[in-house]
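Trainee: To start, I am sharing the structure in question, which I have written as structure tokens.
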Amino acid sequence: MRYGVSPDHPRIKGIITALRDVLDSGQIRYFGNVRYGQDITLADLKTHYHAVIFSTGAIRDAALTIPGIEADGSYGAADFVSWFDGHPDVPRTWPLEAAEVGVIGNGNVALDISRMLIKHADDLLPTEIPDNVYQGLKANPIQDLHLFGRRGPKYVKFTPLELRELGEVRDVDMVLDERDFAHDDAYADETLAKNKQVLVMTRVMDKWLQDQREREESGKHASRRLHMHFWSKPIEVVVEDGRVAGLKIERTAPDGDGGVIDTGEFEVIPMQALYRAIGYFGSPLDEIPFDETAGVIPNSQGRVLDLEGHQIPGVYATGWIKRGPVGLIGHTKSDAMETLECLLEDRAQWWEPEATETDAMPALLRSREVPYTTIEGWHRLDAHELGLGEAEGRTRIKVVPRDDMTRIARGE
Ligand SMILES: NC(=O)c1ccc[n+]([C@@H]2O[C@H](COP(=O)([O-])OP(=O)(O)OC[C@H]3O[C@@H](n4cnc5c(N)ncnc54)[C@H](OP(=O)(O)O)[C@@H]3O)[C@@H](O)[C@H]2O)c1
């Protein structure tokens, strides 16, 4: 909620209320600022608990292996999201120096980062963006953002609400290419056109096309533009003096079966920065098996399996580290239910902890000088940030450095 959801999505961030109710119920003991594999090990968990559920998500970018992707000015969406969400473990400054910027991907993360890049910083001021992020965005010289999808407008992974929102950004013209809407595509017409979400999104884009024609007649233009390029497969990053200078794409066309064929037609779109938002990828955890291809912990309905496919007693997974980085926050609920049902069914094979006294885990953390935080500390930091915001007439101002957050939470 704090580091994955865009600051201009307060409705989604509101889910924190439900989380807080659960944490405040008195049935859960919260230890924050504790790193598995560093501060505590699997053996520690076995000593103190009957079982463990890993719900560590997917926080890295999936790899895009095209020439030039390592050039200066080429970024992963995950790092940029961490920056604008004020994650303590990324640098405080972000190089926003490009007038023309590319974003690869047609999912909601691509929309999040496109909005954050193209919006005027003052329109983000009522949100909880940290000061360093506001200052960075204020100096952003962007004029044109190019968003690339390797398939067509009916194949996007956006959700309708988020797509519509993009068109509502102040002082930004949506620019579409009429060619992208002119393909004969039996699969899209017969299968996708019946999908309600696709229908809504098609209407949204039709309206943008119409607005574009009207703009051409009236000559009234916004100061920033967001260009959507469909049927555009990334081929190579054009690099000059070690820096991003453009993106070479190959035009694709529908294969009639939901996929694409290459057309042999190439284009280069000039840009000075490029972001890839082509999906997230999980990270391995110490002593826990990891599927390097899918980026998840191997599991059956949340029961963690070893590399031979046998269940590892007491170890469970849920969320994106269980099923991969797809789905909205709400989807993780059914996922968690499945894992919990398995955990409860397996009661006979749970671990037999030796140290179950209430103070055993805090004592262990104290003995290792781990500056852990509690739910009371979580509330202290929350109140502190709301107070900072109130003084400035804003919702909240996030505290970013880890030491400051820990100090405030621990009341030091
Ligand atoms: N509600 C919200 O505001 C919100 C915000 C952020 C994230 N989320 C959710 O979080 C989940 C993850 O989102 P996401 O955007 O990371 O992933 P996603 O929805 O899976 O979208 C990934 C996009 O990257 C494209 N792609 C993958 N590999 C590519 C390649 N090699 N070259 C070019 N394009 C490539 C995919 O195209 P193909 O379709 O052709 O594979 C797809 O358009 C989704 O369920 C999303 O809805 C929701």
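Trainee: So which of GLY389, GLY377, GLY327 ends up being within 28 Å of the chain's Cα centre (by Cα) and part of a loop (DSSP other than H, G, I, E, B)?
Mentor: Numbers: GLY389 fails: part of a loop (DSSP other than H, G, I, E, B); GLY377 fails: part of a loop (DSSP other than H, G, I, E, B).
Selected residue: GLY327, the only one of GLY389, GLY377, GLY327 that is within 28 Å of the chain's Cα centre (by Cα) and part of a loop (DSSP other than H, G, I, E, B).
Trainee: Now a separate question. Among the residues of the range 281-290, are any within 16 Å of the ligand (Cβ to nearest atom), open to solvent by 60 Å² or more (accessible area, probe 1.4 Å), modelled with pLDDT of 95 or more and not basic (Lys, Arg)? Before the answer, list the steps.
Mentor: In the first step, residues of the range 281-290 are kept if they are within 16 Å of the ligand (Cβ to nearest atom); the result is 281-283.
Going one step further and asking which of them are open to solvent by 60 Å² or more (accessible area, probe 1.4 Å), we end up with none.
Checked against the condition, which is being within 16 Å of the ligand (Cβ to nearest atom), open to solvent by 60 Å² or more (accessible area, probe 1.4 Å), modelled with pLDDT of 95 or more and not basic (Lys, Arg), the range 281-290 yields no hits at all.
Trainee: To continue, here is another question. Of the residues SER334, SER300, only one is in the same structural domain as ASP39 (by TED's automatic domain parsing), at pLDDT 95 or above and surrounded by fewer than 16 Cβ atoms within 10 Å (Cβ to Cβ); which? Walk me through it before giving the result.
Mentor: Details: SER334 fails: at pLDDT 95 or above.
So the residue among SER334, SER300 that is in the same structural domain as ASP39 (by TED's automatic domain parsing), at pLDDT 95 or above and surrounded by fewer than 16 Cβ atoms within 10 Å (Cβ to Cβ) is SER300.
Trainee: Just a yes or no: is a residue in the range 85-93 buried (at least 21 other Cβ atoms within 10 Å of the Cβ) and farther than 20 Å from LEU274 by Cα? First the steps, then the outcome.
Mentor: So in the range 85-93, the residues buried (at least 21 other Cβ atoms within 10 Å of the Cβ) come out as 85-86.
Still in the list and also farther than 20 Å from LEU274 by Cα: 86.
Checked against the condition, which is being buried (at least 21 other Cβ atoms within 10 Å of the Cβ) and farther than 20 Å from LEU274 by Cα, the range 85-93 yields at least one hit.
Trainee: Go over the candidates ARG243, ARG224 one by one and state the one that is open to solvent by 70 Å² or more (accessible area, probe 1.4 Å), under 26 Å from the mean Cα position of the chain (by Cα) and in the same structural domain as GLY149 (by TED's automatic domain parsing). Steps first, answer last, please.
Mentor: Working: ARG224 fails: open to solvent by 70 Å² or more (accessible area, probe 1.4 Å).
Residue meeting the stated conditions: ARG243.
Trainee: Go over the candidates ILE269, ILE312 one by one and state the one that is assigned by TED's automatic domain parsing to the domain that holds ASP180, assigned to a strand (DSSP E or B), surrounded by 16 or more Cβ atoms within 10 Å (Cβ to Cβ) and hydrophobic (A, V, I, L, M, F, W, C).
Mentor: Testing whether each residue is assigned by TED's automatic domain parsing to the domain that holds ASP180, assigned to a strand (DSSP E or B), surrounded by 16 or more Cβ atoms within 10 Å (Cβ to Cβ) and hydrophobic (A, V, I, L, M, F, W, C) leaves just ILE269.
Trainee: Within the set of pairs 6 or more residues apart or between chains, which connect a residue that is touching a residue at least 40 places away in the same chain (Cβ under 8 Å) inside the range 319-346 to a residue that is within 16 Å of the ligand (Cβ to nearest atom) and among the basic types (Lys, Arg) with Cβ atoms less than 8 Å apart?
Mentor: Pairs found: THR339/LYS322.
Trainee: Now, a different point. Among the residues in the range 146-153, are any assigned by TED's automatic domain parsing to the domain that holds ASP185, within 18 Å of GLY105 (Cβ to Cβ), open to solvent by 20 Å² or more (accessible area, probe 1.4 Å) and of a type in the set (Phe, Trp, Tyr)?
Mentor: Checked against the condition, which is being assigned by TED's automatic domain parsing to the domain that holds ASP185, within 18 Å of GLY105 (Cβ to Cβ), open to solvent by 20 Å² or more (accessible area, probe 1.4 Å) and of a type in the set (Phe, Trp, Tyr), the range 146-153 yields no hits at all.
Trainee: Any residue at all in the range 165-175 that is within 22 Å of the chain's Cα centre (by Cα), of a type outside the set (D, E, K, R) and part of a helix (DSSP H, G or I)?
Mentor: So the first thing to find is which residues in the range 165-175 are within 22 Å of the chain's Cα centre (by Cα), and the list is 165-169.
With the extra rule that they be of a type outside the set (D, E, K, R), the set shrinks to 166-167, 169.
This time we only want the ones that are part of a helix (DSSP H, G or I), so: 166-167.
The answer is yes, given that some residue of the range 165-175 is within 22 Å of the chain's Cα centre (by Cα), of a type outside the set (D, E, K, R) and part of a helix (DSSP H, G or I).
Trainee: Conditions first: (1) within 15 Å of the ligand (Cβ to nearest atom); (2) surrounded by fewer than 15 Cβ atoms within 10 Å (Cβ to Cβ). ARG203 passes all but one, so which condition is the exception?
Mentor: Evaluating ARG203 over (1) within 15 Å of the ligand (Cβ to nearest atom); (2) surrounded by fewer than 15 Cβ atoms within 10 Å (Cβ to Cβ) leaves (1) as the failure.
Trainee: Name every residue in the range 337-373 that is exposed (fewer than 13 other Cβ atoms within 10 Å of the Cβ) and either under 30 Å from PHE158 (Cβ atoms) or among the aromatic types (Phe, Trp, Tyr) (or both), in order of residue number.
Mentor: Selection gives MET337 alone.
Trainee: Between a first residue in the range 141-169 that is under 30 Å from PRO95 (Cβ atoms) and a second residue that is open to solvent by 20 Å² or more (accessible area, probe 1.4 Å) and among the hydroxyl-bearing types (Ser, Thr, Tyr), which pairs have beta carbons less than 8 Å apart while being 6 or more apart in sequence or on different chains?
Mentor: Qualifying pairs under 8 Å: GLN143/SER223; GLY149/TYR155.
Trainee: Looking at ARG2, ARG20, ARG29, which one is over 24 Å from the mean Cα position of the chain (by Cα), surrounded by fewer than 18 Cβ atoms within 10 Å (Cβ to Cβ) and under 24 Å from MET337 (Cβ atoms)? So that I can check it myself, show each step before the final result.
Mentor: Working: ARG2 fails: over 24 Å from the mean Cα position of the chain (by Cα); ARG20 fails: over 24 Å from the mean Cα position of the chain (by Cα).
Answer to the check: ARG29.
The values are calculated or read from the model by the stated rules, or taken from the named source; none is laboratory data. Not measured: the values here are computed from a predicted model. Methodologically, a virtual Cβ is constructed for each residue, glycine included, from the backbone with ideal geometry; neighbour enumeration extends over all protein chains shown. When the accessible area is computed, the model is the full protein with side chains, heavy atoms only, and any ligands, DNA or RNA have been set aside. Shrake-Rupley method; radii C 1.70, N 1.55, O 1.52, S 1.80 Å.
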